[in-house]
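Visitor: Sharing a structure here in structure tokens format.
The values are calculated or read from the model by the stated rules, or taken from the named source; none is laboratory data. Owing to the predicted nature of the structure, the values given are computational and were not obtained by experimental measurement. Neighbour counts are summed over all protein chains in view; Cβ atoms, including those assigned to glycine, are modelled from backbone coordinates with ideal geometry.
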Amino acid sequence: MARLGLAVPATLVTGALAGAVGTIAMDSLWFARYRRAGGADGFADWELSAGTTGFEDAAAPAQVGKHLYEAVLRRPIPDTRARLANNLVHWSTGAQWGVLYALAAGRRGRVRWTDGFVLGPVACGAAYALLPTIDVYKPIWEYEPSVLWQDLNAHLLFGVTTATSLRVLVGRSGRSRSGRHTT
């Protein structure tokens, strides 16, 4: 990220922070949808998976965490860890996409909020491409278009918010050190 004036450790931190902000934005949209559909939990309980007691009905991030834990440690993970697995995988995934975007933007020498229109769909598409291989998602063609659209537009919000956040964190006024315009 030297082209943007940041060393690699700073790139990792700013990318992770930008990804966390993007995750909060996306989750806020999902929470608003949950509440409109009659959900009663408050944001903190909903966000931190307070109702998750086991892996059987846990969200996709918990399932991914279960697969990773059991593949690496070669032993079962107790159901009491489903909530923790869900939160760790969910937040680390958002941070990881932010880091990847920060590294890519750094190589290019510019941060553009419009990059979020690529970042979001790439993150969304990666989930639909990879998660069926471990039986966490169904193949993409088995989902209703309305479900895919809701997921895609939530990820678009994630991408645009992550890219905008990185731009703010890097503190550029629209130009990299090379003088190129970055918006």
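Visitor: Here are the criteria: (1) out of contact with any Asp or Glu (no Cβ under 8 Å at 6 or more places or on another chain); (2) under 30 Å from residue 7 (Cβ atoms); (3) in a helix (DSSP H, G or I); (4) of a type outside the set (Val, Ile, Thr). Tell me which single one residue 110 does not satisfy.
Guide: Here residue 110 clears every test but (3).
Visitor: Here's another thing I want to ask about it. If you take the residues of the stretch 128-166 that are over 28 Å from residue 18 (Cα atoms) and acidic (Asp, Glu), which of them is modelled with the lowest pLDDT?
Guide: Looking at the filtered set, the residue picked out is 135.
Visitor: Next question, about the same structure. Would you check if residue 82 is surrounded by 16 or more Cβ atoms within 10 Å (Cβ to Cβ) and either in contact with a Phe, Trp or Tyr (Cβ under 6 Å, 6 or more places away or on another chain) or free of Cβ contacts under 8 Å to residues at least 24 places away in the same chain (or both)?
Guide: When the stated conditions are applied, residue 82 passes them.
Visitor: Test residue 46 against the criterion of being farther than 30 Å from residue 112 by Cα and at pLDDT 95 or above, and give yes or no.
Guide: Here the answer is yes, as residue 46 does meet what is asked.
Visitor: Related question: Give the number of residues within the stretch 35-79 that are among the aliphatic types (A, V, I, L, M) and in contact (Cβ under 8 Å) with a residue 24 or more places away in the chain.
Guide: Number of matching residues: 7.
Visitor: Right, next: Considering only the stretch 43-58, state which residues are surrounded by 17 or more Cβ atoms within 10 Å (Cβ to Cβ) and within 21 Å of residue 134 (Cα to Cα).
Guide: Those that are surrounded by 17 or more Cβ atoms within 10 Å (Cβ to Cβ) and within 21 Å of residue 134 (Cα to Cα): 52, 55, 58.
Visitor: Also: Considering only residues that are under 15 Å from the mean Cα position of the chain (by Cα) and hydroxyl-bearing (Ser, Thr, Tyr), look in the stretch 85-130 and name the one that is surrounded by the most Cβ atoms within 10 Å (Cβ to Cβ).
Guide: Looking at residues that are under 15 Å from the mean Cα position of the chain (by Cα) and hydroxyl-bearing (Ser, Thr, Tyr), I get 101.
Visitor: Inside the stretch 46-84, can you point out the residues that are among the aliphatic types (A, V, I, L, M) and under 24 Å from residue 35 (Cα atoms)?
Guide: Result: 48, 50, 58, 59, 60, 62, 82, 84.
Visitor: Next question. Of the numbered conditions (1) closer than 22 Å to residue 147 by Cα; (2) in contact with a Ser or Thr (Cβ under 9 Å, 6 or more places away or on another chain); (3) in a loop (DSSP other than H, G, I, E, B), residue 119 satisfies every one except a single condition; which is it?
Guide: Going through (1) closer than 22 Å to residue 147 by Cα; (2) in contact with a Ser or Thr (Cβ under 9 Å, 6 or more places away or on another chain); (3) in a loop (DSSP other than H, G, I, E, B) one by one, residue 119 breaks only (3).
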